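This report refers to the structure that appears directly beneath it.
The values are calculated or read from the model by the stated rules, or taken from the named source; none is laboratory data. What you are looking at is a predicted structure, and each value in this text was computed from that prediction instead of being measured. Don't worry about glycine lacking a Cβ; one is built from the backbone with ideal geometry, like all the others, and counts go over all protein chains shown. Quick note on the areas: whole protein, heavy atoms, side chains included, nothing else; ligands and nucleic acids left out. Shrake-Rupley method; radii C 1.70, N 1.55, O 1.52, S 1.80 Å.
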Number of protein chains: 2
Amino acid sequence: MSQPTDPNGAHNPVIVLVRPQLGENIGKAARAMLNFGLTEMRLVAPRDGWPNPSAGPAASGADIVLEQAQVFDSVADAVADCAHVHATTVRKRGVTKPVLTPEEAAREMATMAGRHAILFGPERSGLETDDVALARTIVTVPINPEFGSLNLAQAVILLSYEWSKSRDLAQPTSEELLPPAPQEELDSMIGQLEAMLEPCGYFRPESRAQATRRTLRTMLTKPAWNHLEIRTMRGVLSALARGPRDD
Amino acid sequence: MSQPTDPNGAHNPVIVLVRPQLGENIGKAARAMLNFGLTEMRLVAPRDGWPNPSAGPAASGADIVLEQAQVFDSVADAVADCAHVHATTVRKRGVTKPVLTPEEAAREMATMAGRHAILFGPERSGLETDDVALARTIVTVPINPEFGSLNLAQAVILLSYEWSKSRDLAQPTSEELLPPAPQEELDSMIGQLEAMLEPCGYFRPESRAQATRRTLRTMLTKPAWNHLEIRTMRGVLSALARGPRDD
């Protein structure tokens with residue numbers, strides 16, 4: 001799969017629409033993206049399937065975005081190859097993650113190596129807590145507290161616009177820093193740890209298990225570990241799983 | 001006529017829609033404005049008259065903007081009381097005026113005293129040369145040169161968004177993030193982990209032990225975990241140290 005890159009060689013961010021409802025809004029989001037040079041759209045479980053005949057007319061010519069759109073069953077699958085996952089939300093969240101403005105998020109995208117994905121939730125409800133749990137940062141557009149009525153395509157256009165503004169930024173001298181490992185490597189490491197903790201009763205009682213898993217994931221997503229660090233962590237876990245040696 | 005002002009005492013900018021065609025787009029523009037705290041809309045010769053029954057539903061609750069909208073016969077009348085007039089356009093113009101980005105225009109609005117007006121042209125054709133002639137500056141949204149397809153409400157939302165950013169008051173709803181735990185808590189956690197790894201032979205051979213400890217410390221310092229997260233990590237380690245439970 002060839003990836004669009006910007007002149008600096010960095011990957012352009014991936015726009016991930018999570019469980020979008022109306023094809024029309026998918027089309028409008030595509031139009032918003034292409035206005036600012038973004039072309040890579042991913043759809044997670046679109047309600048009315050894909051392709052959707054309502055999307056094309058709403059895209060006003062941004063057909064290339066729709067034609068290249070990829071469909072995934074889960075958010076985890078959609079961001080498996082991404083090093084940075086940002087979740088957009090307008091509401092306050094119990095989750096403690098860094099909250100960025102679109103401008104701050106755009107700066108990260110321009111300066112932090114590795115592919116970035118931006119998650120947008122369904123029109124009515126927005127992202128669910130489990131979606132947000134996959135992200136390292138939350139991006140919130142500061143809006144009128146007495147009238148928050150930003151629709152999907154508007155949220156996409158503001159993020160795309162800020163990204164396009166930041167892409168001309170000089171790259172900082174951070175080439176030696178490895179990007180965070182792809183999300184799938186992080187997932188495997190978390191899976192390994194969970195499998196070790198399970199028999200120890202760490203996730204009991206069952207009623208708390210989901211929240212505990214989320215806490216663990218949030219904590220392990222925060223470091224943005226690169227693949228060497230993930231490998232080290234896996235080595236640590238394997239050593240612990242092996243247990244004391246007699247030699 | 002009472003004017004909305006921001007807490008700094010400055011007038012909020014006036015959004016002027018010049019010869020708008022569809023009521024629906026007027027409603028969408030109102031919604032875009034109110035999302036970022038702008039309420040003063042002026043309409044110059046709306047094609048289908050005013051009020052327009054299509055505007056309300058498209059405003060998604062931003063009725064106050066539509067109710068207070070004022071109608072004028074000419075652009076000159078609409079901006080008669082304004083100190084600064086900015087004309088938005090996507091196309092290059094023969095007119096020699098300063099061309100500002102939305103961000104630069106927002107900075108002017110935040111810093112230059114007197115009321116500012118921003119002109120937006122009709123959906124199809126944009127502002128005419130005579131309209132632009134009334135403005136001191138031209139505001140152009142830098143978009144994809146191969147796909148310029150910004151509609152009226154999108155142009156309004158980008159300008160409104162940049163304006164709101166330039167005000168100090170629009171604070172994002174950032175949850176307070178806990179500071180990183182004191183170093184001694186981190187040290188204790190690392191000590192606990194090392195004590196578990198030691199009997200597993202993780203630090204052998206001895207010649208590599210120091211470098212391995214350093215790698216581990218670097219990796220665990222990177223997250224800047226707060227004291228709750230350190231506590232969670234210690235709980236994880238204790239569960240692993242305890243091992244599988246039979247119950």
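How many residues are in contact (Cβ under 8 Å) with a residue 12 or more places away in the chain and among the hydrophobic types (A, V, I, L, M, F, W, C) if we restrict to segment B:198-233?
7
Of the residues in segment A:167-200, how many are within 11 Å of chain B (Cβ to nearest Cβ), open to solvent by less than 60 Å² (accessible area, probe 1.4 Å) and at pLDDT below 90?
Of the residues in that region, 1 qualify.
Among the listed residues A:224, A:239, A:209, identify the single one that is crowded, with 18+ Cβ neighbours inside 10 Å and in a helix (DSSP H, G or I).
One residue alone meets the criteria, A:239.
Of all residues in segment B:201-230, count the ones that are closer than 22 Å to residue A:220 by Cβ and within 10 Å of chain A (Cβ to nearest Cβ). Write out each step before concluding.
Going through segment B:201-230, the residues closer than 22 Å to residue A:220 by Cβ turn out to be B:202, B:212-230.
Applying the additional criterion that residues be within 10 Å of chain A (Cβ to nearest Cβ) yields B:202, B:212, B:215-216, B:218-226, B:228-230.
So the answer is 16.
Residues to consider are B:156, B:141; find the one that is more than 9 Å from chain A (Cβ to nearest Cβ) and under 23 Å from the mean Cα position of the chain (by Cα). Walk me through how you get there before you give the answer.
Details: B:141 fails: more than 9 Å from chain A (Cβ to nearest Cβ).
Matching residue, one of B:156, B:141: B:156.
Go through A:158, A:150 for me and flag whichever is in a loop (DSSP other than H, G, I, E, B), within 30 Å of residue A:59 (Cβ to Cβ) and in contact (Cβ under 8 Å) with a residue 12 or more places away in the chain. Explain how you work it out, then say what you get.
Details: A:158 fails: in a loop (DSSP other than H, G, I, E, B).
Within the list A:158, A:150, the selection yields A:150.
Before we move on, is residue B:135 at pLDDT below 90, surrounded by 19 or more Cβ atoms within 10 Å (Cβ to Cβ) and in contact with a Ser or Thr (Cβ under 6 Å, 6 or more places away or on another chain)? Break it down stepwise before answering.
Details: at pLDDT below 90: yes; surrounded by 19 or more Cβ atoms within 10 Å (Cβ to Cβ): yes; in contact with a Ser or Thr (Cβ under 6 Å, 6 or more places away or on another chain): no.
When the stated conditions are applied, residue B:135 does not pass them.
Go through B:66, B:38, B:119 for me and flag whichever is assigned by TED's automatic domain parsing to the domain that holds residue B:158, touching an Asp or Glu at 6+ places or on another chain (Cβ under 7 Å), in contact (Cβ under 8 Å) with a residue 12 or more places away in the chain and open to solvent by less than 70 Å² (accessible area, probe 1.4 Å). Show your work before the answer.
On the way: B:66 fails: touching an Asp or Glu at 6+ places or on another chain (Cβ under 7 Å); B:38 fails: touching an Asp or Glu at 6+ places or on another chain (Cβ under 7 Å).
None of the others qualify; the one that does is B:119.
Could you grab me the full set of residues in segment B:227-236 that are over 34 Å from the mean Cα position of the chain (by Cα) and open to solvent by less than 60 Å² (accessible area, probe 1.4 Å)? Don't jump to the end; show me each part of the working.
Pass one, segment B:227-236, residues over 34 Å from the mean Cα position of the chain (by Cα): B:231-236.
B:232, B:233, B:235, B:236, listed by residue number.
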